[in-house]
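One structure below.
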Amino acid sequence: RLARARWTRIVPPVVDTVLLVSGVALMIKTHILPFTEQGTWLTEKLFGVIIYIVLGFIALDYRRARSQQARLVAFPLALVVLYIIIKLATTKIPLLG
């Protein structure tokens, strides 16, 4: 019942939009651009946010006929990606570079 409540369909896209807008605001404020040598960590963070949004959509989307197993795998993966995003934001040390 709670999963079908109106607010549970409205809040996640609002949170995702705030995450993406804050990333763009960070780029504008710091003048650090993704896909540059200086912005490697920011590039990874933005890709992490996109991956987090997709995994969250898979984990929490009750309207589509997704398997329970796919949702159970997507949820912990989304949490791992969220941890990586936070780690990148605090340390500014790229994981892949």
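In the range 48-67, the qualifying residues are those that are surrounded by 15 or more Cβ atoms within 10 Å (Cβ to Cβ) and of a type in the set (Phe, Trp, Tyr), and the one that is modelled with the lowest pLDDT is PHE57.
Residues in the range 6-51 that are under 14 Å from LEU88 (Cα atoms) and among the hydroxyl-bearing types (Ser, Thr, Tyr) were compared, and the one that is farthest from the chain's Cα centre (by Cα) is THR40.
Taking the options ALA70, ALA78, name whichever one is within 18 Å of the chain's Cα centre (by Cα), surrounded by 15 or more Cβ atoms within 10 Å (Cβ to Cβ) and either part of a helix (DSSP H, G or I) or at pLDDT 85 or above (or both).
ALA78 is the lone residue from the list that is within 18 Å of the chain's Cα centre (by Cα), surrounded by 15 or more Cβ atoms within 10 Å (Cβ to Cβ) and either part of a helix (DSSP H, G or I) or at pLDDT 85 or above (or both).
Kindly evaluate GLU44 against the criterion of being of a type in the set (Asp, Glu) and assigned to a helix (DSSP H, G or I). Yes: the conditions hold for GLU44.
The values are calculated or read from the model by the stated rules, or taken from the named source; none is laboratory data. Note that the coordinates shown come from a computational prediction; the quantities given were computed from them, not determined experimentally. We place every Cβ from the backbone using ideal geometry, glycine too, and count neighbours over all the protein chains shown.
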